[in-house]
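> Below: one structure in structure tokens.
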Amino acid sequence: MRISADRDRCIGAGMCVLTAADLFDQDEEEGLVRVLEEAPAADREQDAHRAARLCPSGALAVTDDA
């Protein structure tokens, strides 16, 4: 699994951080998403997908590495 974020699309709502603070953060200057763990362990897949679904701007993508 790989997580990516489109910072141009991000609106800084912070739902990603509220959903999975160990996978996402927001930068201090603009409040935009930062992916902390681009290739997290398999046990974090559910939270990564949930954060992507909850993102109001659709800035997050979770893809399969296979």
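The values are calculated or read from the model by the stated rules, or taken from the named source; none is laboratory data. None of the values given here were measured: they were computed from a predicted structure. Heads up, the Cβs are rebuilt from the backbone with ideal geometry, glycines too, and the neighbour counts pull from every protein chain shown. Side chains included, ligands, DNA and RNA excluded: accessible areas come from the protein's heavy atoms. Shrake-Rupley method; radii C 1.70, N 1.55, O 1.52, S 1.80 Å.
> Can you tell me which residue is nearest to ALA51 (Cα to Cα) among those in segment 15-28 that are in contact with a helix residue (DSSP H, G or I) (Cβ under 7 Å, 6 or more places away or on another chain) and surrounded by fewer than 18 Cβ atoms within 10 Å (Cβ to Cβ)?
ASP25
> In this structure, is ASP65 surrounded by fewer than 16 Cβ atoms within 10 Å (Cβ to Cβ) and in a helix (DSSP H, G or I)?
For ASP65, the condition - surrounded by fewer than 16 Cβ atoms within 10 Å (Cβ to Cβ) and in a helix (DSSP H, G or I) - is not met.
> Another question, if that's okay. Go over the candidates GLY58, GLY12, GLY31 one by one and state the one that is touching an Asp or Glu at 6+ places or on another chain (Cβ under 7 Å), modelled with pLDDT of 95 or more and either open to solvent by 40 Å² or more (accessible area, probe 1.4 Å) or among the small types (Gly, Ala, Ser) (or both).
Matching residue, one of GLY58, GLY12, GLY31: GLY12.
> Could you tell me whether any residue of segment 23-44 is among the hydrophobic types (A, V, I, L, M, F, W, C), assigned to a loop (DSSP other than H, G, I, E, B), touching a residue at least 40 places away in the same chain (Cβ under 8 Å) and out of contact with any Ser or Thr (no Cβ under 7 Å at 6 or more places or on another chain)?
Within segment 23-44 (the criterion being among the hydrophobic types (A, V, I, L, M, F, W, C), assigned to a loop (DSSP other than H, G, I, E, B), touching a residue at least 40 places away in the same chain (Cβ under 8 Å) and out of contact with any Ser or Thr (no Cβ under 7 Å at 6 or more places or on another chain)), the answer is no, since none of the residues qualifies.
> Which condition breaks for ALA52 when tested against (1) open to solvent by less than 70 Å² (accessible area, probe 1.4 Å); (2) assigned to a loop (DSSP other than H, G, I, E, B)?
Looking at each condition in turn, ALA52 falls short on (2).
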